[in-house]
Amino acid sequence: KTEDICLQPTEVTYGSLMAACERVGSLEGVNIVFNKMRKASIEPNEIVYGAAISCLRKLGEGENALLLLRKMIRDKLEPNAATYNTVLIAQTEGHKADLQRALLVYKLMKESTNSKPNRQTYSIL
């Protein structure tokens, strides 16, 4: 019986949900996924953070994308170049563009042990 099967969501499950939120641009969905993960005592991984950051960029939430990047680093996760570049793009797009925040993202990326600025980074700048 299917009622007898008790499946628990995993980090992968939440990663898939976050990717769906990113695809449709749902900030509410991002918050729900993070809250459900917290309640389930599952720590977000780089994939979950990356999808959430990409969603924030799509919604023009550059400042929040940077805040989430900093939280990711505080949580001892190592963003990859694509994540840094997504946050960098979020700082340089639209009417909320902020050069100081963009330079801060660039500095964080240069200081990273995992990801260094690449061709795309310099193209964004």
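The values are calculated or read from the model by the stated rules, or taken from the named source; none is laboratory data. None of the values given here were measured: they were computed from a predicted structure. No Cβ is skipped: glycine too gets one built from the backbone with ideal geometry, and neighbour counts run over all protein chains shown. The accessibility values were calculated without ligands, DNA or RNA, using every heavy atom of the protein model including side chains. Shrake-Rupley method; radii C 1.70, N 1.55, O 1.52, S 1.80 Å.
Would you indicate which of [x] 43; [y] 49; [z] 60 is the value of percent of Cα pairs over 20 Å apart derived from the coordinates of this structure?
It is the one labelled [x].
Among ILE53, ILE73, ILE89, determine the one that fluctuates most according to a GNM of the chain built with springs between C-alpha atoms less than 10 Å apart.
It is ILE73.
Over the stretch 1-122, calculate the relative contact order: mean separation of alpha carbon pairs under 8 Å at least 6 apart, over the residue count, as a percent. Mind showing how you got there, number by number?
Numbers: 136 pairs, mean separation 24.1, N = 122.
It rounds to 20 percent for the stretch 1-122.
What angle do you read, to the nearest 10 degrees and between 0 and 90, between the alpha-carbon axis of helix 81-92 and the longest principal axis of the chain?
It is inclined by approximately 60 degrees.
Per residue, how many Å² of accessible area does the chain show with a 1.4 Å probe?
62
Where in the chain is the longest stretch that carries no trypsin sites (Lys or Arg not before Pro) classed as loop by DSSP and with at most 13 other Cβ atoms within 10 Å?
With trypsin sites (Lys or Arg not before Pro) excluded where exposed in loops, the chain gives 2-75 as its longest stretch.
Please report the carbon-and-sulfur percent of the accessible area for the chain; probe 1.4 Å, protein heavy atoms only, DNA, RNA and ligands left out.
That fraction is 53 percent.
Which value at 222 nm does the chain reach when only helices count, each DSSP H run of 4 or more adding -39,500 (n - 2.57), with the total divided by all residues and rounded to the nearest 500 deg cm²/dmol?
Taking each H run of at least 4 residues, the total per residue is -21000 deg cm²/dmol.
Under 25 Å from the Cα of LYS116, which lysines turn up, not counting those fewer than eight places away in the same chain?
LYS58, LYS71, LYS76, LYS107
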